[in-house]
1. Of the accessible area of the stretch A:365-442, with the probe set at 1.4 angstrom, what percent is carbon plus sulfur?
2. Short version: which residues of the stretch A:248-282 lose at least 10 Å² of accessible area, all chains versus chain alone, 1.4 Å probe?
3. Let me spell out the model: positive unit charges on the Cβ of Lys and Arg, negative unit charges on the Cβ of Asp and Glu, origin at the Cα centre of chain B. What dipole size does that give, in debye rounded to 20?
4. Given B:A298, B:V420, B:A151, which one lies farthest toward the positive end of the charge dipole of chain B, if we put +1 on the Cβ of every Lys and Arg and -1 on the Cβ of every Asp and Glu?
5. Sorted by accessible area (1.4 Å probe), largest first, how do B:W470, A:W3 line up?
6. Give a quick list of chymotrypsin sites (Phe, Trp or Tyr not before Pro) in the stretch B:315-405 that DSSP marks as loop, anything other than H, G, I, E or B, with at most 16 other Cβ atoms within 10 Å.
7. Find the sum over both chains of the accessible area lost when B and A are paired, probe 1.4 Å, and report it in Å² to the nearest 100.
8. Could you do me a favour and compute the accessible area per residue for the stretch A:291-402, 1.4 Å probe, result in Å²?
Amino acid sequence: MEWQTVIGLEVHAQLSTQTKLFCRCATTFGKAANENTCPVCLALPGALPALNAHAVELAVKAAIALGCDVQRESVFARKNYFYPDLPKGYQISQYERPYAVGGGLTLDSGKHVRLVRIHMEEDAGKNVHAGTSHSLVDYNRACTPLIEIVSEPDLRGAEEAGEYLKRLRQILMALEVCDGNMEEGSFRCDVNVSVNRPGEKLGTRVELKNINSFKFIGQAIEYEVQRQRELIEGGGKVVQETRLYDAEAKTTRSMRSKEDAHDYRYFPDPDLPPLVIDAALLDRLRREAPELPHAKKKRYVEQLGLPPYDAGVLTDDRHIAAFFEATIALGADPKAASNWIMGEVLRSLDDKGAGALALKPAQLAELIALIKDGVISGKIAKDIFSDLLDGSQMPKAIVDQKGLVQVSDTGAIDAAVAQVIAANSKQVEGYKAGNEKLLGFFVGQVMKAMGGKANPTLVNEALKRALG
Amino acid sequence: MSTIEQLRERFIAKKASATELAREAIARAKKHADLNAFITLDEVGALKAAAAVDAQRPEGPLAGVPVAVKDLFMQDGTRTTAGSKILGDHVAAYDATTVQKLRAAGAVIIGKLNMDEFAMGSSNENSAFGPVKNPWDQARTAGGSSGGSAAAVAARIVPGTLGTDTGGSIREPAAFSGIVGMKPTYGRVSRYGVIAFASSLDQVGPFATTVTDTAHLLAAIAGHDPKDSTSADRPVPAYARGLEDGVKGVRLGVPKEYFTDGIAPDVRRAVDAAIAVYQKLGATLVDVSLPHTEHAIAAYYLLCTAEASSNLARYDGVRYGLSKGREAGLAPMYDRTRSEGFGDEVKRRVLLGTYVLSAGYYDAYYLKAQKVRTLIVRDFQKAHEQCDALITPTVPFTAFALGEKTQDPLQMYLADVFTVSCNMAGLPGVSLPCGFDAKGLPIGLQLLGKAFDEHALLRIARAYERETSWHERTPPGVA
């Protein structure tokens, strides 16, 4: 019989603020242990939280982009439990009254994945296990701002879950709300998975904790679905529990059962008044809201006539999309710009992020214009491309300086053609006998004779005439 | 000993240096060491601070004046214990906003005052450092939880101190010790750097021998603090000005629920006499009712314990303070640190608060108590529509004997019966001396004002003080 997989995701995204959620400590990653700490994030006696207004703005931006209903008033609550990485003995989060409810996002298939809510909360520190005798704690990450985005159990398999996560991450990055860095933990997720027979009630769900790559999320879901199916088919029952994914063994193992689950004793944090997001702030952020990647993609296809593939590549990264738009704004043909960006530009980045691109849209636009106007050939353009990458020189200047202007003088071309034909009588015979492929050979020879600068269209025409 | 105003005067007129004033205060503290008012008498730090004041010659409202603070206030580099073994060796790594403000006003802090552990108690008998003795009768309590803050002023060691009041912890010891103690409106004074007991109820406030000195202290510490999100962003009036304006035409509300049979006859007589003084001074009396008063204690002990159970979770043996059983693992460390570090009353309240917030009980206890709190707020709003301030006894009885109530926590909790409502409503309250009982123990008169109307409260208190001389009496053996 057929099985249905039901998945709901809880994504934790770190907000890209300079300072922490409730104190002024820096959020910089990779500092020496406990360098970014103060009385507040170390929970020294008497210290009190003071909310970071910038974090609220970023959180609201995300909620607007995801179509949530942003609440005028929301409440910070304490989630109480003991753990060494949690300095206060409670985490400040939002519980009964989150700042955003509802919303969702649409997958390529047209399927709409609904959100339950988004809430703001602080991150915990990090336990460092230093051998068997003791553990150390680094509180640099403690109190950094997070939003938790909770989806409805609308996803029906690892593939959909993956697309949802990629789309969500792309949106948050485009908004500059989150840097999306999964290795550093800026974007991580817990997965709720259950299986059932279509038409029957939902199965018991299992929570998979903190999986930090798209690859592992897929693998963990696949494994867990298989485990649950086999369990039920073998007459067993799925137990509600939290499981950890072991990436090396490619299995999940039980972390704690429902019975062991904490009673977090949530209650409103008396140290923080209710968070009020007023209409003025909401209006401003709505006005400033940038075009989202999927809307941009649609526009590139419908208005610029780009193939969907091109539009997808260009809109995947906000820096690349901005570069593309600036280039065509300077008059470059969209398809030509797209080809250059998807080819030479992206290749030049290697592993560097597109934010590191020094090349200027004006350089690429001029390069494309030089080709279009017949000043240089596409080949010459590719040859000089690497000289443009540091952003310092315009292509026209390089072309002039290196004397690379294309020769369109038909007299010079005809002379070169005559020379080549005279020197290669064997090939001329072959061509005349019907081996038209030899035309490429003659073009190559002419171009060689003219230092690569001849206008290829004119060379073709002259050869055909001469060999005609 | 002299008042804050007199000491400041001596300093400004260069009749005494801050160092001399600090030395005198330290000598008095040593002379009265048997009161156990101080947990830490910071002689070295105080003289260093006094030398700095002498070098800078500040002119602020507390210029050159020696003061002391409850051992709940973080003072950078100074031991800060909250009266608990769990923080017994803890040296503060930063300053409370109020500590900075005292210094900015020119004061010299000479030490940290004894208190009930984590401000939980009404007699100072819950201190890990032993009880404070009442200067009027050393067999009796000086009140709590700010017992040291009250005794140090009553014994004229320093003219002013700071304490905190969560359910009466300033007003009750002020009443028991025959001095003035004020709990400002919630949000009037920053709580940043003050160890939390119950965050929605805690408020910092001053003790002094006179109403005017109380006003000077309040003016020095009040005001908005961006580090405390619950502090109010509103201007601070010049509290010490206009205090002599009298009470002609002022309406004083007499809540019937505060004049019950449970009040000791001497207390009742003294408060009735005080009311008569106000009438004579031209105030009008209004009968008012605060119908939910009887539920205040029960609701208060649900809310304050719930918050405390969470606030005290940070004392876990990981980062600072007492740490026991590390070698045995995480759970044993938590167990042993907290079992050995907290005293009985703190444990009782943490357990009660944990229960109150637990799944399945939250609605019945925590939420219901919050609803009672809302009703109490409304009671006061209605009453204050009819009058400018309420007048009541501070405590139904005078200072009780040490050991008298320690076996019965519920009896101890009833010491707060007239003080907790004010915290639940977030309103300002002041206790001032209004007489002595047959045993020669001080009696406190309580005035409860409107939100952020401390100025009116001080003016009303001052009118009575000017007409009477209770505040001029000093305990036996105190000059």
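The values are calculated or read from the model by the stated rules, or taken from the named source; none is laboratory data. For clarity, every value in this text was computed on a predicted model and none was experimentally measured. As a convention, Cβ positions derive from the backbone with ideal geometry for all residues, glycine included, and neighbour counts pool all protein chains shown. Accessible surface areas use protein heavy atoms only, side chains included; no ligands, DNA or RNA. Shrake-Rupley method; radii C 1.70, N 1.55, O 1.52, S 1.80 Å.
1. 54 percent
2. A:D263, A:R265, A:Y266, A:F267, A:P268, A:P270, A:D271, A:P273
3. Computed charge dipole of chain B: roughly 580 debye.
4. So the residue we want is B:A151.
5. I get B:W470, A:W3, largest accessible area first.
6. Loop-located and lightly packed - B:Y361.
7. Summing both sides, the interface buries roughly 2700 Å².
8. I get 50 Å² per residue for this part.
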